[in-house]
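The values are calculated or read from the model by the stated rules, or taken from the named source; none is laboratory data. These figures come from a predicted structure and were not determined experimentally. Virtual Cβ from ideal backbone geometry, glycine too; neighbours counted across all protein chains shown.
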Amino acid sequence: MAVTDAKTLPPETVSPGAAETEIESSVSVASQWQLMWWKFRKHRMAMAGGVVTLIIYAIAIFVEFLSPSSPGVIRADYTWAPPQRLHFLRQTEEGMRWDPYVNGYKVEIDPEALKRTFVIDEEQIVDIGFFVRGEPYKMWGLWESDLHLVGSTDAEVPVYFLGADRMGRDLLSSMIYGTRVSMSIGLLGVFLSFFLGILLGGISGFYGGTTDNLIQRIIEFIRSIPTIPLWMGLAAALPTDWPPLRIYFGITIILSFIGWTGLARVVRGRFLSLRTEDFVMAARLDGASELTTIWRHMVPSFFSHIIASLTLSIPGMILAETSLSFLGLGLRRPVVSWGVLLQEAQNIRSVATAPWLLIPGLAVLVAVLALNFLGDGLRDAADPYNR
Amino acid sequence: MLQFLLRRLLYMVPTLLAISIVAFVIIQLPPGDFLTTMVAAMAAQDEDMDQAAMAALEEQYGLGQPVHIQYLKWMQGIVTRGDFGDSFGWNKPVSELVWGRLALTFVLSLASLLFVWVVAFPIGIYSAVKQYSIGDYFATFIGFLGLATPNFLLALILMYIAFKFFNQSVGGLFSPEYQEAPWTWGRVADLFAHLWVPVVIIGTAGTASLIRIMRANLLDELRKPYVVTARAKGLPEWRLLFKYPVRVALNPFVSTVGWVLPTLVSGAAIVSIVLSLPTTGPLLIRALLQQDMYLAASFIMLLSILTVIGTLVSDLLLAWLDPRIRME
Amino acid sequence: MESPVLIEIKNLKTHFFLDEGTVQAVNGVDFTIHQHKTLCVVGESGCGKSVTARSILQIVDQPGRIVEGEILYHRPFRLSAAGNGEWTSGETGANGNSTTEIIDLAALDPRGREIRAIRGQDISMIFQEPMTSLSPIHTVGNQITEAIKLHTDMLDDEADEHAVELLRRVGIPRPEERLGTYPFELSGGMRQRVMIAMALSCNPALLIADEPTTAVDVTTQAQILELLEELQDEYGMAIMLITHDLGVVAEMADDVVVMYLGQVAERGDVDSIFHDPKHPYTQSLLKSIPRLGVSRNRQRLDSIRGMVPDPYNRPSGCMFGPRCDHFMPGRCDAISPPAIPLGPGREVHCLLYEDE
């Protein structure tokens, strides 16, 4: 990832402010990245955000193993089954004992509406085990397995820790699979925008003049259009008969096509302010080529800002994908993202019947919050010489 | 000032042109032209299309002719006759469908904008002046939460709460008795009674980011030497605060309309769909899902133009507030 | 003849409480400002001279705070009650009633009414950056008349007239038109003149000038300093001039305070400081100025050995010890040198002179 790349930069690329005297003696010899780390560490919320972000991405990596079932498994006889609470201890004659279980369901029929509803049956007990055999899957598309972190010990009886949707699909599994799609679309989208942003922003900031003016007008134009209607328009134009993977990339491209402007602004702003800095002038006077000046002297001094802005633009991508999929214009089953899951909750009737369908929203909330806190902390730390 | 206004108006022309081109591209994106879609749709309903009518449409939209001719024909219709093309989904000219909805969207966005300002301005000042106080942390936390919650989710949650605990529906902008009624004072009052729910939902994210912007700007300004100068004159602290840093921080605050407005219009679109408000949102999504492209593109274009005009107004307001910009 | 005391600073300590530790920006400073005289405070950047000046007005930025000491302001009488009349010294008052009021500024609430009445009226201040020290979006007239209207009961048009008069006095051409202009329409020198006009608007007893000429070019610098001298003759205020430029000191000062790392190294009248510097720091400072005509065999210009230590790790004993050529091991790093009086208003903080 970009952060590790950045850390391998040589320590002598410290910014010009390093000469500041009012810093501890250990501070005065620390490299830029060390200073940033120290400053970042002090930001508690950012540290927490960073930890949560790491956990979320870890979940995204080990999706197949972590989810109790697969998101595509339809069980028509478990329509809108409510969440089952996981009990760790079981009451026996000798007292409480470690033995995880959930209560099973019984079916009640609403005589008025003639509707079947599931209710938790305290009498029934479904044993829960860790590292159980269950639904077979192909880990990372590489090797076959059926090992799941947690699940019912009896493969015939499904468990729904977070309930089921209208087709009896397990919400928890869908959410875990959705983590991979939602988080990766954010990351991929940001990297695409990053590429466009750094290219156009850099050109704009470095050359200035007419080029700058033109690119700025384009950015202003894109920013002045309300994004959701525009996204909707573009996403609706994606042919419905495309395979899911192509839709996924199509959506990512659409999102980053509009999302690059923010990054371009940051890059340009940095370039413009750096261009006049003495150390850049000094490098030029020393006869460094334009490319060397940019890569050796300018980029290291705003790299940290770029990382911070990148982190801060991931949430926007996630939210955009969620909104589009929620509207039915983004991803579609069998690809599951949090937005696809929330689409189930689009009308008040389903929400009233199965309020747990809103839980994927919580995942969006947590991910976006964590990334925002992380990005905020990074942005503050990005300028360690600035108090 | 007049020169400034003229220059800004001139700047708008290429923007408007670009918007119309983007809208036209959206019309052209789906495979096939709308006429074939239309014929297919009618055929599906066992209706035949009159050859003469088809030829007329073909002539009107310049179908079969090069793309730029089609674009020019479309633009010509809009500029000269206010004709945005036809919606085959509704079998009506687009112009009959958009204006009423657009007006309500405008009211909704404007109300949200006012809400955002009125709420964010004092909270932002408080957060900056009482930096690191409990109130500041609380505002920051709520702000982050507001930013992280997609507004359609907020709408869903509010609807669920209203349904579950108050057994009430929060959707719509009018009570049933005013739904189709002509405009009267009673209908206006009814509109405002319903308006606050979507306004709060749409405004939340914008409020959150504006609080953060106001706070950051004001913190910046509070450290500027002119504040010390004013303090050294013996001004009381609160008078100093409002005369100088708050006044200076107001400028970037006003200029944020430029990007808050697009977000609000975006938010209004999606929230309207969830709450089924009679604004552009639900019609736009339906048009897009049915590939009713003239209707959809007209909506997108008009919403964008609305936003551009809003931005222009904010620029003028900013120039009026800030002598540096006015005299540039 | 010694003129009456205006400000007496005793053992002033202003510290900044940061996460990284406490910065003792001003750490036990004593000196006196006399009426109608110019006191120059000289020292390297970060030696606490600006913070001392701001402490007088109680406008030290957060998280700084006066933690100890007194700033005694011997408030002279106004000849007219209008608030901006001529000042009369305690001595003149002595023939009738010599009740010069003494106020400890350090003890006042920084946000309170008393200190606000003194700011801008009795003591005013001009700053280093004329660019940013004026609000960018208020007119020059608005910013000048503000203090006038605050401290006197002049009406709007009277205040405007007074502002025009002040602008004319500080050498701004066509002052009537300038009232409506914005600071960004003026040059740096003009802005500094506006600052001076603003500071003089209530005819203060003390004008604090915090490096007023650092941000302007050399020609303007000379003009501004000349203007300050003229205005001092005319209005009779005392000036506390903060600078790191010894040339400015030589030109302007009656008295000099040399500061090093939050403490006074040496103080005295300008002649003794320049011709008979006692503290090794003052001596090295003077040696580091290039002199015309005295170039002895193309000798290299002296510079002071070492660097200013960082404020978190202050040396023990004498602050200048680690850089001093006369360093006495066992004494200089153990004892914080006390003030050693050398004459009236003249003292040095150095153990070398302890026995005298």
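Summary of values
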| item | result |
| --- | --- |
| Filtered residues of the stretch A:229-248 (kept if in contact with a Leu (Cβ under 8 Å, 6 or more places away or on another chain) and of a type outside the set (Gly, Ala, Ser)) | A:Pro229, A:Trp231, A:Met232, A:Leu234, A:Pro244, A:Ile247, A:Tyr248 |
| Test: residue in the stretch A:214-234 that is of a type in the set (Asp, Glu), modelled with pLDDT under 80 and part of a helix (DSSP H, G or I) | yes |
| From B:Ser169, B:Ser133, residue being surrounded by fewer than 20 Cβ atoms within 10 Å (Cβ to Cβ) and modelled with pLDDT under 75 | B:Ser169 |
| Filtered residues of the stretch C:129-143 (kept if more than 7 Å from every other protein chain (Cβ to nearest Cβ) and closer than 14 Å to B:Val227 by Cα) | C:Pro130, C:Met131, C:His138, C:Gln143 |
| Count of residues meeting criterion [closer than 22 Å to A:Ile254 by Cα, surrounded by 24 or more Cβ atoms within 10 Å (Cβ to Cβ) and either over 29 Å from the mean Cα position of the chain (by Cα) or of a type outside the set (S, T, N, Q) (or both)] in the stretch A:182-216 | 7 |
| Qualifying position, being closer than 19 Å to A:Val190 by Cα, within 10 Å of chain B (Cβ to nearest Cβ) and assigned to a helix (DSSP H, G or I), among A:Leu357, A:Leu378, A:Leu369, A:Leu362 | A:Leu369 |
| Answer residue from the stretch C:1-42, given it is hydroxyl-bearing (Ser, Thr, Tyr) and either crowded, with 20+ Cβ neighbours inside 10 Å or within 14 Å of another protein chain (Cβ to nearest Cβ) (or both) and is nearest to C:Met252 (Cα to Cα) among those | C:Thr38 |
| Residue within the stretch B:155-166 that is within 30 Å of A:Ala352 (Cα to Cα) and under 18 Å from the mean Cα position of the chain (by Cα) present | yes |
| Elements of type helices (runs of 4 or more DSSP H) contained in the stretch B:212-301, each with 3 or more residues being surrounded by 21 or more Cβ atoms within 10 Å (Cβ to Cβ), at the interface with chain A (Cβ under 8 Å from one of its Cβ atoms) and not basic (Lys, Arg) | B:257-275, B:280-289 |
| Filter result (closer than 24 Å to C:Gly48 by Cα, polar (S, T, N, Q) and part of a helix (DSSP H, G or I)) within the stretch C:205-238 | C:Gln221 |
| The stretch A:208-217 - residue that is touching a residue at least 12 places away in the same chain (Cβ under 8 Å) and out of contact with any Leu (no Cβ under 8 Å at 6 or more places or on another chain) and, of those, farthest from the other protein chains (Cβ to nearest Cβ) | A:Asp212 |
| Residue in the stretch C:123-137 that is part of a helix (DSSP H, G or I) and crowded, with 20+ Cβ neighbours inside 10 Å present | no |
| Test: residue in the stretch A:319-342 that is in a helix (DSSP H, G or I), more than 24 Å from A:Phe194 (Cα to Cα) and without any contact (Cβ under 8 Å) to a residue 40 or more places away in the chain | yes |
| Output for the stretch A:276-298, where each listed residue is within 22 Å of A:Trp260 (Cα to Cα) and either buried (at least 20 other Cβ atoms within 10 Å of the Cβ) or of a type in the set (D, E, K, R) (or both) | A:Met298 |
| Filter result for C:Pro204 (within 11 Å of another protein chain (Cβ to nearest Cβ), surrounded by 15 or more Cβ atoms within 10 Å (Cβ to Cβ) and in contact with a Leu (Cβ under 6 Å, 6 or more places away or on another chain)) | no |
| Complete set of residues in the stretch C:23-78 that are touching a Pro at 6+ places or on another chain (Cβ under 7 Å) and within 14 Å of C:Ile239 (Cα to Cα) | C:His34, C:Gln35 |
| Within the stretch A:48-99, tally of residues that are under 13 Å from A:Leu171 (Cβ atoms) and assigned to a helix (DSSP H, G or I) | 1 |
| Any chance A:Val351 is closer than 30 Å to A:Asp110 by Cα and modelled with pLDDT of 85 or more | no |
| Matching residues in the stretch C:60-75 - criterion: being surrounded by 19 or more Cβ atoms within 10 Å (Cβ to Cβ), of a type in the set (Val, Ile, Thr) and over 19 Å from C:Leu39 (Cα atoms) | C:Val60, C:Ile66 |
| Among residues of the stretch C:30-55, those that are touching a helix residue (DSSP H, G or I) at 6+ places or on another chain (Cβ under 6 Å) and modelled with pLDDT of 90 or more, counted | 4 |
| Selection within the stretch B:153-211 - away from chain A (no Cβ under 11 Å) and on the phi > 0 side of the Ramachandran plot | B:Gly172 |
